[in-house]
Every structure is written in C-alpha cells, then in structure tokens.
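What follows is one structure encoded as structure tokens, with my remarks underneath.
Coordinate-derived values only; no laboratory data. Computed from a predicted structure; not experimentally measured. Here the Cβ positions follow ideal geometry from the backbone for every residue, glycine too, while neighbour counts run over all protein chains shown.
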Amino acid sequence: MHSPLVLTQDMMIVLGLTGFIIAMLMFERIRADAASLVVLVMLGFTGIVSEQELFKGFAGDAVISVIASMILSTSLDRTGALNRLAGWLLRRAKGVEQRLLLLTSAFAGGMSGFMQNPAVTSLFLPVASRLSSRTGLGLGQLLFPIAAAIVLGGQLTMIGNSPLMLLNDLLQSANSNLPSGVATLEKLPMFQPLPIGLLLLGIGLLYFRFRKYLWFSETAGSNVSPATPERYFADAYGIDGDVFELTVTAGSPLVGMSVGDAEAEVGAPLFLALFAGNESRMAPPADERLWVGSVIGVMGSQEFVQAYARAKQLKFSQRLRVLGDLFNPAHSGISEAVIPTNSPFVGRTQAELRLRKRFGISLLAINRDKQILRRNIRNLPIRSGDILVFHSNWTDLSQAGGNRDFVVITDFPKDEQRPHKLRVALGIFAISMLLALSTLVPLPVALMAGAVAMVVTGVLNMDEAYASVSWKTVFTMACLIPLGIAMDSTGAANWLAQQTIERLGDGVPDWLIQTCLALFTTCLALVIGNVGATVVMVPMAVNIALAADGSPMAYAFLAALCASNNFISHSNPVISMITGPAGYRAGELWRNGLPITLLYLLVSVLSVNLMF
C-alpha cells in the first residue's frame, strides 16, 4: 500500500468543482455546457491547470472526433440512406414482426459503432415511425429494443460514444502522473473494444428475441403509430377539421390586434398562416398586426370556424383562394418533434424561442408524459423528452431541424435530400473507416478527412456542416477534460482511490474491486450522464488500479464502458429521445432497463478481465 496522501488545498478545490459539476448535471440549475465553462474558468483562475493544458480539450482527439463523426452522420442522412434502409428492412422481414425488430435493432446497433449514439437515434426515430405505421407494430415495442441496441453497439469502436472517445485523452493525461516503474498507458486503437461490443450487442439482441412483449403496457406508443397522419393528429391531440380563410373586415374587433393576442382569446381557432401587405407566410409571428384585408389561414371544424367568423365580423371562405399554395400537403403540414436532453429549447418557453419568427413554425400542442397540453402553451417551459406538435412549411421545418435542437419523428418531404450523392457518401464513409482501421493516420485525422471530403464533393455544404455539430456536446466535453487532468495532477483521484481501497479492506479480490468500480460508475452515469461520469471516474479508476496493484488500463477501460451503462435514466440522451414518442413511464423503463443494465455490468467485468 502506498503512503497515505494528505488532502491539500488544490485537491479540495478540484473535489469541490467535481461536486459542483455533479450537482449541476443532476439538478440542471445551470445548463451542462455553461456549468462546464464555469469549471474551466475556475481551474484557470486558481492556476491548478496550466494555461497550456487549460484549453487543450478544444483541440483534443475526442472533440475533433466528435465533430467529424457528427458531420459524417448528417452526410449519410442527407443522401436518404435511412429511407432506403426502412424499405429494405420491411422487405427482408417479410411481414414477421420479430424478424423486423431484430433486423432493425441489429442495424441500429451496428451503425452506432461508427456514429454518436444521439445521432443514430435521431436517424432511426423516423425509420421506426415509418415501420410502425406500415406494419401496425406499436412504436413502444420497437423503440426500446432499438435504443438499447444503439447504446450496446456504441461499444464496438472507440468512436461509438463519448466515453470511449474521451478515454484516450484521459489516459494520456494520466501518464504524466504515473509512479516510476509503471508502464506508460498507450492509446487504444479504434477497434480495441470490438470483441466486447459484439458480445454486448449479441446478448442484447438475444434478450429481446426471447422477451417479445417486454414489460410495457399494451398501449405503449400505440398513439403514435397512426393509420393516417390526419387520423392520428385528430385522435392524439384533438387537432382536426379543415383549413379555411378568414378575411378581416373594417368592422372586425381584430383590426389592429396582434396575431398572438387574437389566437390567445377563448374560442379562437388555430392560426396557421397570414396574408398581409401582399405577402403570404406560414406561422405568422405573434407580434404581427392584423389589418383590414388581412387573410388568416385557420384550422378547425367548419361550424366552429363559421361561428368564430360571425362573432368577429370576418369574411369566411371555404375555398383557399389566397393561401392555397401554402397549404399544399406536398409543401406543408403537421409534424411531431421530440426534444433531446442537450437541446437549447429545454427550460425556455415558446414566447422566448419565437418559433414563428425565427423558424416559421407554429407550435400547436405539447405531449408531456402522455398529457396533451394545448392551452397557454406559449408561456409553458419546454422540457427534455417533450413531443412538440408543429405546423409548418416542410422546407422551414427541415432547415430548423438541421440544428438538432429538436428531432422530427414524422416522415415528411425533405427538399435538401441528395439521393444522387448516396454512393459518394457511402464511399467516403467506408474509406474514412478503413483509414481509421489501418492506423496509417491518427483516428481524428481519418474522421476529419471523411468530413472534409463530404463537403468538397457536395454531399453537404459548409453551412450544413456547421449546423450538424452539437456545439453543446463539444463544449461540455472540451471544458471537462481539464477537470480530468486536474483530478490526476493534484492527486485528488489518488486520494479518492486510497480512501476507497481502505474502506474495502485488505485482501479484497481484484474482481470484486472492479465490480464495485463498475457499479459506482453506472450509478453515477444514471445521475450525471456519460461524459461527466467518464471524466470523474477514469482518473479515479487508474489510481484505484495502482493502489490495488491491478492493471490501470483495465480499470480505466472498465470505467469508460460502464459510463454508457444507462438504459433507465433520461440523463442518457438516447433514452430521453425515445421516451416521449413511445409514451414510456418511468416504472416501465426501470423494469425493462434494469435487466439489461445488470447483464451489461456482468459482461463488462468478465470481458475486461479476459481482455487485459
């Protein structure tokens, strides 16, 4: 046993900052990226991390790899590869539901080894929705197995998820603080986790193969797999009727009133479009004024809209004489979008976001925990996992959805699709993966070369490439990497490791220490997410291994694996993104996710011991 460490002031500062970031990620008082920036600045002010190391995370291999993988993912999406995949899966399944579930989950899991988990989830949400509507298989029965496969498949390569991407950077920072005589920790090659990833994914697929109906209620997700979009929105949200035109007359009390005030009145129909000043537009801004001659496109039953027109002295027209082009189903319609965990929409209201003015999108309703909210939603803060019901022009929706602030789960025409670039995109993606596998160039270079090739060949333009990157994820990772460096350099991780070993006692077998490490990392990830758990636990795992005379590489790798072991909590963005569309309850997630979590834990501990 090493000589006991004395808790220094620098250690206490680092541990305090670690506690701060854990608390912020748990309670979300401050956004994850903002809290991470606070930690970065405090490390710089206190001088615990040098100026050279402080901003190293922004140029770290993990961050560059994340940016490149996001661009590659968006490039594949823009070529329509997923639409073709949905058709192929239906043909191969030949109408057998269990085969369809297995094939879809297997493909999602395989893709997640080469793309970020949230990116794969956003690609497969509309695929699952389409498969559900075509087969009648409930979306609740489809989404959880697909999501579990995505999380499991993320362990296939070192670029499948954020923890494994961060691992190499954290190992390199740990090398500078290793005791003399301890072998340097080498960077892990891209396919180092492949055997474990295949085993985890295989066990997950077998689990769902023999657990056909899961422990979900029979109605889970049934309200989001409609026979037709019109029928679905009428049944699920009460959004039915037709679109009519109302012309504002000189005697109408709406003259001079803003669109927001007019539609907020009791008994008002849905305001979807406006013709004013010789200009027609979908989703008029709330501050737009109504004047004599303005034509409003509204939605509702004919009797209801006619009664409203009489009460407000508006001219009613059943035919769309002015706004007909705007309401062409090929150009516009109603859609649903789910809010991911890292969305800037979280905690903000529609009034603050100005969806109409910024994006040309009308928010019609919010589906929150199976409760449909339609009244006063303008001032209702949006939560992670909410399903927002939009009415918009398809082009505007596609452009707004490109920022990944929300994930559209309704299949709709996307003008920016480039199917003629499909072969080019697939070829570039394959070459970048082969380069990464060959180790001829470093992994970040191979991925970024693929991203650059996508832009140069016109699969994406530069603006689309910028929009494809989740900058919140990038900043969170880049700002937390110095915290991991500080955990090592100050000895805080070593002190925590010694405290842990002392409480476990002497003579504890290596496998039991690893199991405790894996279990604690898993529990921490449920609370603060995989990136925070990785930054906190990998330096600690290295020092626990040194104190227990174990393999630092094995312990660090185990911690990175278990940081992704989350099939239960909304802190996993994959779970957060599927909960709303599928209508899962918290208890259902626990009952279905806990067995997978325990299997994952067992397989990880056994596999790491065999590998190292």
- [ ] Could you please state, rounded to a whole Å, how far the C-alpha centre of the stretch 146-180 is from the C-alpha centre of the stretch 546-600?
- [x] 14 Å
Task: Estimated dipole of the chain in Debye, rounded to 20 [Cβ of Lys and Arg +1, of Asp and Glu -1, Cα centre] - done: 1600 debye
- [ ] Rank the residues 463, 261 as a footprinting-exposure proxy: fewest other Cβ atoms within 10 Å of their Cβ go first.
- [x] 463, 261
Task: Table column - 3J(HN,Hα) (Hz), the stretch 268-273, Karplus curve with 6.51, -1.76, 1.60, x for Gly and Pro - done: 7, x, 6, 8, 10, 8
Open item on the list: Under the rule of at least 5 residues apart or a separate chain, name every residue whose amide H is placed under 5 Å from the amide H of residue 390.
Closed with: 335, 336, 337, 364
Task: Proxy reagent accessibility, fewest Cβ within 10 Å first, across 33, 411 - done: 411, 33
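How large is the charge dipole for the stretch 30-121, taken about the Cα centre, if only the Cβ atoms of Lys, Arg (+1) and Asp, Glu (-1) carry charge, to the nearest 20 debye? Mind dumping the intermediate values first?
Working: 8 positive and 6 negative charges, 151 e Å.
Its charge dipole is roughly 720 debye.
Sorted from fewest to most neighbouring beta carbons within 10 Å, what does the list 420, 331, 391, 570 look like? Kindly include the intermediate steps, with their values, before the conclusion.
Numbers: 420 11, 331 14, 391 25, 570 19.
Final ranking by Cβ density, sparse to dense: 420, 331, 570, 391.
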Task: For the stretch 261-287 and the stretch 463-534, distance of Cα centres in Å - done: 50 Å
Open item on the list: Helix-only estimate, please: 222 nm mean residue ellipticity of the chain, summing -39500 (n - 2.57) across DSSP H runs of length 4 or more and dividing by its residues, to the nearest 500.
Closed with: -18000 deg cm²/dmol
